[in-house]
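What follows is a set of notes on a single structure, which appears directly below.
Only the coordinates and a few stated rules stand behind these numbers; no lab work does. On a predicted model such as this, the values are computed, not experimentally measured, just so you know. Note: ideal-geometry Cβ built from the backbone for every residue, glycine included; neighbour counts use all protein chains shown.
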Amino acid sequence: MRAGRRDRLIRIDRLVVTKDAAGADVEAWVLHAQEWAEYLPMRGKEIIAAQQRLGESVAVFRILFRDDITRKHSILMGGVRYEIANIDPVKRRTGLELLCRQIDEN
């Protein structure tokens, strides 16, 4: 995997549930890792070819291989949060392709 194409610094977060002062559950995304990634926005026909039924804002992030990333994590890039829909290892575990869809956090 070529380093030159990994030109976006992304934040990989995990969801943590804590209690507030009243004892209610509070969910928050906390930093798990930061990685340099190659960002590939996808078009509709590529989504169909990948046999995925995802929303309109879909992207693939390519990062170096890690074995601690799951679909429960999310990606934050440029203030936009993405949920991980699929994780595919690349070439003998040299990298990961993360198929993601944008989350509307409003």
Point to revise | Cα-Cα P(r), the range 3-102, percent of pairs per 5 Å interval | key: 3, 12, 22, 23, 18, 11, 5, 4, 2, 1
Study note, to complete from the structure: Which residues qualify? For Phe65, with a placed amide H closer than 5 Å and at least 5 residues away or on another chain, they are Gly95, Leu96
Revision key, fill the gap. Fewest to most Cβ atoms within 10 Å: Val60, Val17, Val26 sort as Val17, Val26, Val60
